[in-house]
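Structure, as C-alpha cells:
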Amino acid sequence: MGIGRSRALILGAFLLLAVVGLSRGQGGGEKPGSDSAIRHVQQERLWGTLQKLGEFGKNPEGGVSRVGFTEADLAGRAYVTGLMREAGLEVRVDPAGNIFGRRMGSANLPVLLFGSHIDSVPHGGNFDGDVGSLGAIEVIRSLNEQKVKTRHPLEVVVWTNEEGGRFYSGLVGSSAAAGILPANIAERRDDKGEKLSDWMSRMGGDVSRIKEAKITPGSVASYLELHIEQGAVMDEAKVPIGVVLGIVGISEQTCTASGFANHAGTTPMNRRKDALAAASRAVLAVREEVHADAGRQVGTVGWMKVEPGAANVIPGQVKFSVELRDLDAEKIKRIDTRILQRFESIGKDENVQISCTEPDFLAPALTAPAFREVISASAKEAGLNTVELPSGAGHDAQNVARFAPVGMIFVPSRGGISHSPLEYSSPEQVANGAEVLYRTILRLDAQLDASNTPH
Ligand SMILES: [Zn+2]
C-alpha cells in the first residue's frame, strides 16, 4: 500500500539484486554451500534474555501480564533499554515513547529499522513481541562480536503499547510514527481516571509533542519484524521460517435484525417475525459466503445481542457483528456484498428486516515482494525451509508500511497458541528466526541503495 512509482522501481531493482545476490552467495560474508550450519546469533544468550524479560509482569500461570502503560511495562522497558546500551546502541525515546537504539553506518544512508514490542495482553505469554525485540538486540550483539560494519545505520525499535487496552485500541507507538493517532489522544483516561499523558511522560515520551514522532517517508530504507506466528500453520507443517505476505485487512460492521417481540406461547409459528431465527441463518450465510471463494480469507460473527432475551418472548431485535479478513481488499468487499445480498433474501424469508452499518475498514498492509525474496534466500542460506503465509493478526509493521517498505519473519508457535501463558516457541526456533533476521539485514545492507558507495 502507498508505494509510489519510484519506490516500486527501486523495489524491482532490489528484487533483481536479490536474485543476483543469491547466486553469488552473498550475505553474512560466507562462501556459498558451506555456511548453512553457521549461526551468527547465540541461541543460549537470546533465550536467557527472553527468560529475564519474562520476569517483569510474571504471572502465576507462567506467562506475563505486562500491559502497556503499567509498572511492569516500565520495568521491562528499563531492562531492554539497558540491553541496548550494553550492546553499544545510542538510545533515544521519541515523544510517543518508542525506544530506538542506533548503530552507526559507514555511509550517509537511510536507516535499516527492525524490532517489535514488549507489552503483552493481560495473561499473555513470553514470546509475542519479545522474540522480535530481543531477537533484534541479539542481532546487534552478534554483529558487534563479528566486527561487522554496515553501510546503513541500523536501528532497533521497541514500539509503545502494541496490544492496547488501557487508553487506545493498540499499535500506539507505530500509529504515532505513521502520523495516524487520533488528535484527542492526549486527553485519554482509563476507567480509573489515570491519564495517558502521565504514563507517556513516565515512559520518556511527551504527548504535547507527539506529532514529532511521525517518521518521514524515505528516512527508513526497510523495516523488518521478527514475530511468532500465533497460528498453527508452521507448527503443523514443521517449517521453521515463515515469510509473511502481509497483514490482512479487516472489515467490521454491526448488523441488526429487526422483527417483532411477541408472546412465545400465543403466537403461532406462521405469524412470527423472529429476529433470532433470521440472525442465526445470517451467521451461517456469512460462513457459506466466506467458504464460497478459494483462498485463506476468514469471516466471523463474534457476538450477538438478543432483545428482549427471555425464554417466553420471541426475540424482537438481534444485533451482531460481521468481521471479514484477507490480504486482498477487493475480495473482502466482494464477499461483503454477497453477504448483504444473502441477508436481504433471508430477511424476506423470515419477515424480518436485516440492516448493517457501513463497514469500518482497515486496509491490508502488504510486505515488499523484494524483501520476501531476501528473507527466503537468507533462510535457505541458513539451511532453513520457508513457507509464505499471511498474518491474520495485526502488527506494528502494518503501520510502518505507510512510510517504509516492510518485511516480516515468522517462527512457529507451539499448537498455534498465543495471547496465553501457554504460548511457546523453542530456543532453537527463536534463534532460527534471529539468524534469518541477521542474514536478511546484511543482505539488505548490501543491496539497498547499492549505487551509494561507502565514504
Ligand atoms: Zn505482537
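Listed values, structure above:
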quantity: Residue in region 131-140 that is within 19 Å of ALA446 (Cα to Cα), aliphatic (A, V, I, L, M) and within 16 Å of the ligand (Cβ to nearest atom) present; calculated: yes
quantity: Output for region 410-422, where each listed residue is open to solvent by less than 10 Å² (accessible area, probe 1.4 Å) and either on the phi > 0 side of the Ramachandran plot or within 13 Å of the ligand (Cβ to nearest atom) (or both); calculated: PHE410, VAL411, SER413
quantity: Hey, GLU373 over 23 Å from PRO217 (Cα atoms) and surrounded by fewer than 23 Cβ atoms within 10 Å (Cβ to Cβ) or not; calculated: no
quantity: Failed criterion for GLY173 (all others in (1) out of contact with any His (no Cβ under 6 Å at 6 or more places or on another chain); (2) within 16 Å of the ligand (Cβ to nearest atom); (3) in a loop (DSSP other than H, G, I, E, B); (4) not hydrophobic (A, V, I, L, M, F, W, C) hold); calculated: (3)
quantity: Among (1) within 16 Å of the ligand (Cβ to nearest atom); (2) within 19 Å of the chain's Cα centre (by Cα); (3) farther than 22 Å from LEU196 by Cα; (4) open to solvent by less than 10 Å² (accessible area, probe 1.4 Å) - the single one PHE127 does not satisfy; calculated: (4)
quantity: Cβ-Cβ under 8 Å pairs, at least 6 apart or on other chains, region 255-275 side touching a residue at least 40 places away in the same chain (Cβ under 8 Å), far side open to solvent by 80 Å² or more (accessible area, probe 1.4 Å) and not in a strand (DSSP E or B); calculated: GLY259/ASN351; HIS263/ASN312; ALA264/ALA311; ALA264/ASN312; GLY265/ASN312; ARG272/ASN351; LYS273/ASN351
quantity: Residue in region 181-190 that is open to solvent by less than 10 Å² (accessible area, probe 1.4 Å) and either within 19 Å of GLN42 (Cα to Cα) or within 16 Å of the ligand (Cβ to nearest atom) (or both) present; calculated: no
quantity: Whichever residue in region 45-71 is of a type in the set (Val, Ile, Thr) and open to solvent by 20 Å² or more (accessible area, probe 1.4 Å) and, among such residues, is nearest to the chain's Cα centre (by Cα); calculated: VAL67
quantity: Elements of type strands (runs of 3 or more DSSP E) contained in region 211-304, each with 2 or more residues being open to solvent by less than 40 Å² (accessible area, probe 1.4 Å), more than 16 Å from the ligand (Cβ to nearest atom) and touching a Phe, Trp or Tyr at 6+ places or on another chain (Cβ under 7 Å); calculated: 220-228, 249-258
quantity: Strands (runs of 3 or more DSSP E) wholly inside region 69-139 containing at least 1 residues that are free of Cβ contacts under 8 Å to residues at least 24 places away in the same chain; calculated: 90-93
quantity: Residue under evaluation TYR168, criteria (1) open to solvent by 20 Å² or more (accessible area, probe 1.4 Å); (2) aromatic (Phe, Trp, Tyr); (3) in contact with a strand residue (DSSP E or B) (Cβ under 6 Å, 6 or more places away or on another chain), criterion not met; calculated: (3)
quantity: Segments classed as strands (runs of 3 or more DSSP E), wholly inside region 332-438, with at least 2 members that are closer than 30 Å to PHE320 by Cα; calculated: 353-356, 360-362, 386-391
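Yes or no, residue by residue, for (1) over 20 Å from PRO405 (Cα atoms); (2) among the hydrophobic types (A, V, I, L, M, F, W, C):
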site	(1), (2)
SER106	yes, no
PHE114	no, yes
GLY124	yes, no
ILE140	yes, yes
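The values are calculated or read from the model by the stated rules, or taken from the named source; none is laboratory data. Nothing here was measured: the structure is a model prediction, and the numbers come from that model. For neighbour counting, all protein chains shown are included, and Cβ atoms are generated from backbone atoms with ideal geometry for every residue, glycine included. Heavy atoms of the whole protein, side chains included, go into the accessibility calculation; ligands, DNA and RNA do not. Shrake-Rupley method; radii C 1.70, N 1.55, O 1.52, S 1.80 Å.
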